[in-house]
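Single-structure report; data block below.
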Amino acid sequence: MLPGMKVIFCGKEVHPETEEIMIAFHKPVGIVCTAEKREKQNIIDFINYPKRIYPVGRLDKDSEGLILLTNQGDLVNKMMRAGNYHEKEYVVTVDQKITPEFLRQMSGGLYLKELDVHTRPCTVTKVNDRTFRIILTQGYNRQIRRMCETCGYRVTRLVRTRVMNVLLGDLAPGTYRELTAEEMRKLKKLTAQSYSAPKGQHKRSEGKR
């Protein structure tokens with residue numbers, strides 16, 4: 001379509017889809033981050049957004065918290081590439097008391113035998129006896145759960161509270177909101193120097209937490 005041309009359908013001018021959509025959703029436990037209609041609890045049907053969107057990354061079925069959905073494919077790729085080192089923050093509760101050794105192991109990076117990968121060093125801080133906060137810049141399949149299992153712990157609750165500059169805040173489970181103009185501006189600034197195409201070798205793609 002050349003500049004200045006118009007498309008007329010049934011006597012009305014049709015405008016190309018240019019609206020930029022980005023929403024923040026508080027995923028409850030039990031909802032699956034897929035658009036597959038075969039999955040009865042898929043995130044797209046649950047939200048029932050009036051326009052076509054898809055999730056930025058995943059949260060496993062047993063996890064809850066912030067997930068972004070958008071219609072901007074290139075932005076998704078930039079946010080998802082582990083090589084771009086974009087932060088995601090989680091609050092995690094485990095089945096036993098947290099020790100200084102546990103915090104040291106988790107923050108120092110761990111070898112995950114099932115995936116044959118080493119996790120990056122990350123920030124881990126204790127919240128209370130059985131809860132900690134962790135900030136990741138990568139996202140292997142069920143990474144936090146696997147890290148805890150490697151240390152002899154089991155996750156009983158996992159909540160994602162932040163994706164880059166976007167916070168979960170007091171958004172109620174099962175509800176969503178549009179990102180503000182300021183959030184979008186900061187998000188684009190953070191991804192401005194990110195690459196969306198594969199760069200170097202990545203042993204595993206990003207997946208569930």
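Values in this text are rule-based calculations from the coordinates and carry no lab data. What you are looking at is a predicted structure, and each value in this text was computed from that prediction instead of being measured. Using ideal geometry, Cβ is built from the backbone for each residue, glycine included, and neighbour counts are taken over all protein chains shown.
Assorted remarks:
- Extension gain (nm, one decimal) between Lys40 and Lys97, 0.36 nm per residue minus Cα-Cα: 16.9 nm
- Long-range HN-HN contacts of Val117 with modeled amide H, under 5 Å: Leu112
- For the range 52-166, the percent of C-alpha pairs falling in each 5 Å distance bin, counted from 0 to the bin holding the largest distance, reads 2, 11, 23, 24, 20, 11, 6, 3, 1, 0.
- Distance from the range 55-94 to the range 140-193 (C-alpha centre basis), Å: 6
- Note that the range 50-60 has calculated 3J(HN,Hα) couplings of x, 10, 6, 9, 8, x, 8, x, 9, 10, 5 Hz, one per residue in order, obtained from phi through the Karplus relation 6.51 cos²θ - 1.76 cosθ + 1.60 (θ = phi - 60°); glycine and proline are x.
- Our summary of shape: the Cα atoms of the range 91-143 have principal axis extents of 30, 19, 17 Å, ordered from largest down, in whole angstrom.
- Contour excess over end-to-end distance, with Cα ends at Leu190 and Arg52 and 0.36 nm allotted per residue: 47.2 nm
- 3J(HN,Hα) from dihedral phi, the range 127-143, Karplus parametrisation 6.51/-1.76/1.60, rounded to Hz, x for glycine, proline: 9, 8, 3, 10, 10, 9, 10, 9, 10, 10, 10, 8, x, 5, 3, 6, 4
- Near the amide H of Ser63, within less than 5 Å, lie the amide hydrogens of Gly30, all on another chain or at least 5 residues away, with H placed in the peptide plane.
- A simple spin-label model places pseudo-atoms 7 Å from Cα toward Cβ; at Arg157 and Glu114 they are separated by 2.3 nm.
- For the range 101-191, GluC sites (Glu not before Pro) meeting the loop criterion (DSSP other than H, G, I, E, B) and having at most 12 other Cβ atoms within 10 Å: Glu114.
- Rounded to whole Hz, the Karplus (6.51, -1.76, 1.60) HN-Hα couplings of the range 79-88, x for glycine and proline: 6, 7, 4, 4, x, 8, 6, 7, 7, 9
- Under 15 Å of direct C-alpha separation, and excluding same-chain neighbours fewer than eight residues apart, Lys113 reaches these aspartates and glutamates: Glu149.
- When +1 charges are put on Lys and Arg Cβ atoms and -1 charges on Asp and Glu Cβ atoms, the dipole computed for the range 62-209 relative to its Cα centre reaches about 300 debye.
- Given +1 at the Cβ of Lys and Arg, -1 at the Cβ of Asp and Glu and no other charges, the dipole of the range 85-162 around its Cα centre is 200 debye to the nearest 20.
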